[in-house]
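Undergrad: My questions will all concern the structure given below.
The values are calculated or read from the model by the stated rules, or taken from the named source; none is laboratory data. Just so we're clear, the structure is a prediction, and the values are computed from it rather than from any experiment. Virtual Cβ from ideal backbone geometry, glycine too; neighbours counted across all protein chains shown.
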Ligand SMILES: Cc1cc2nc3c(=O)[nH]c(=O)nc-3n(C[C@H](O)[C@H](O)[C@H](O)COP(=O)(O)O)c2cc1C
Ligand code: SF4
């Protein structure tokens, strides 16, 4: 492997203004677009991305080339197809896309244009979290600069390819990040998920073929086009290709985000990059990829942070941005806070999620206050089954159950102690 290449963040310097278009071009920016439009067919780009083994960075890890292949091709397909960039990033504990959006907006824009070319999209939407004001402003500025250079618009660089690009603010709900709810919201309706199939690639925005990809996913595309699939695969020594922007929050010495080879061990992330636990705090457990993943414990520190390894350990890589739980914070209180978020963000479409999540939150708060009852743990466990995978319309409810189910298993003693002693042992510490 080439020593610690960081293609996505090489030109990002937090606290400093991002590269403007001239600086970006001087450093090789928009060369992938030029190469794609002048030397490669859309199928060539698609093949390179497929061969690179790039997997989506939005949480589920779906292979990007495979997703793009589902888009109908050829003359008989609808005139308009869409590419939608999921920059909603409301997952608690996750801030990797913000780094990319604010830090190098031209990289995002170039990734979007090249990807739109590969799938034959005539219009691209960047759907940006409502609170990301700076990111929105920088994207709009970058899009204006790219338009003035002829990288966006009609017959780009003299090729037959044309693209309209719109920066669009999110409606401010977590569910807007779920790809089908995002599309419904973009159509101006209440953000509720749609049934799949049909998948967006066949029938998405306004019923037309649509690809939804995460920001980090698309930022990889110009680098793959420039340097090739084999180079991209070689960035990682593990099963999954490329680099990953990992992150850590909680009581660690240096909370932050770092681009590292995909499959970097959890221990290295926590001890070397996050600097270990803060003085006086020990590691109790962590959620490896945002709030909707299952807890891992100190016994899992040697797990490689790639999709398959984290799944084998009983969780999900998710966004790769971990939330660390220390040994002086009440795990019941932490779960109550998380479930408050999930309950508040339920779109209300299906009963188990709409009514179950507030019930879960009420029980957790009661246990935390020392008012838990003996049968509360059974009721919570029942919810992990009734709101589990396949029981609700979208993955919001199963995501909410991931920390709860694993928390009940990991912190059983703590739950029982709260109920038995009718008090929170951690209050006032
Ligand atoms: C409740 C919920 C919220 C989500 N929020 C986001 C988000 O903010 N950003 C994101 O990229 N994906 C989010 N996803 C995943 C998307 O539905 C989708 O899988 C992803 O955007 C696909 O991009 P990728 O293939 O590039 O990973 C969310 C999923 C669910 C169920
Ligand atoms: S699981 Fe929750 S968020 Fe998803 S559709 Fe049902 S009610 Fe809405």
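Undergrad: Report, by residue number, each residue of segment 201-213 that is buried (at least 24 other Cβ atoms within 10 Å of the Cβ) and in contact with a strand residue (DSSP E or B) (Cβ under 6 Å, 6 or more places away or on another chain).
TA: 204, 210, 211, 212
Undergrad: Also: From the list 394, 353, which one is assigned to a helix (DSSP H, G or I), within 16 Å of ligand 1 (Cβ to nearest atom) and over 26 Å from residue 250 (Cβ atoms)?
TA: Just a single option satisfies the conditions, and that option is 353.
Undergrad: In addition: What pairs come out if I take residues in segment 156-181 that are within 21 Å of residue 136 (Cβ to Cβ) and pair them with residues that are more than 16 Å from ligand 1 (Cβ to nearest atom) and assigned to a loop (DSSP other than H, G, I, E, B) whose C-beta lies under 6 Å away, six or more apart or interchain?
TA: Correct list of pairs: 163/152; 165/152.
Undergrad: If you don't mind, there's one more thing I want to ask. Those residues that are under 17 Å from residue 350 (Cβ atoms) and assigned to a loop (DSSP other than H, G, I, E, B), I need them from segment 184-194; list them, please.
TA: Answer for segment 184-194, where residues must be under 17 Å from residue 350 (Cβ atoms) and assigned to a loop (DSSP other than H, G, I, E, B): 190, 191, 192, 193, 194.
Undergrad: Any chance you could count how many residues in segment 356-391 are within 16 Å of ligand 2 (Cβ to nearest atom), touching a residue at least 40 places away in the same chain (Cβ under 8 Å) and assigned to a loop (DSSP other than H, G, I, E, B)?
TA: Within segment 356-391, residues that are within 16 Å of ligand 2 (Cβ to nearest atom), touching a residue at least 40 places away in the same chain (Cβ under 8 Å) and assigned to a loop (DSSP other than H, G, I, E, B) number 0.
Undergrad: State whether one or more residues within segment 76-83 are in the same structural domain as residue 166 (by TED's automatic domain parsing) and closer than 22 Å to residue 224 by Cα.
TA: Yes, segment 76-83 contains at least one residue that is in the same structural domain as residue 166 (by TED's automatic domain parsing) and closer than 22 Å to residue 224 by Cα.
Undergrad: Pick from segment 26-42 the residues that are free of Cβ contacts under 8 Å to residues at least 40 places away in the same chain and under 17 Å from residue 114 (Cα atoms): which of them is farthest from the chain's Cα centre (by Cα)?
TA: Looking at residues that are free of Cβ contacts under 8 Å to residues at least 40 places away in the same chain and under 17 Å from residue 114 (Cα atoms), I get 39.
Undergrad: Can we say residue 357 is within 30 Å of residue 422 (Cβ to Cβ), under 26 Å from the mean Cα position of the chain (by Cα) and surrounded by 23 or more Cβ atoms within 10 Å (Cβ to Cβ)?
TA: yes
Undergrad: Collect the residues in segment 245-275 that are outside any strand (DSSP E or B) and within 27 Å of residue 339 (Cα to Cα), keeping them in residue-number order.
TA: Of everything in segment 245-275, those that are outside any strand (DSSP E or B) and within 27 Å of residue 339 (Cα to Cα) turn out to be 250, 251, 253, 254, 255, 266, 269, 270, 274.
Undergrad: Just checking, does segment 218-232 include any residue being under 21 Å from residue 121 (Cα atoms), assigned to a loop (DSSP other than H, G, I, E, B), in contact (Cβ under 8 Å) with a residue 24 or more places away in the chain and within 16 Å of ligand 1 (Cβ to nearest atom)?
TA: no
Undergrad: A further question follows. Of everything in segment 42-66, what is in a loop (DSSP other than H, G, I, E, B) and within 13 Å of ligand 1 (Cβ to nearest atom)? Give them in sequence order.
TA: Once the filter is applied, which keeps residues that are in a loop (DSSP other than H, G, I, E, B) and within 13 Å of ligand 1 (Cβ to nearest atom), segment 42-66 yields 54, 56, 57, 58, 59, 60, 61, 62.
Undergrad: Within segment 141-157, how many residues are farther than 22 Å from residue 188 by Cβ and either modelled with pLDDT under 95 or within 29 Å of the chain's Cα centre (by Cα) (or both)?
TA: So the count comes out to 9.
Undergrad: Just to be sure, is residue 324 assigned to a helix (DSSP H, G or I) and either free of Cβ contacts under 8 Å to residues at least 60 places away in the same chain or more than 16 Å from ligand 2 (Cβ to nearest atom) (or both)?
TA: In short, no.
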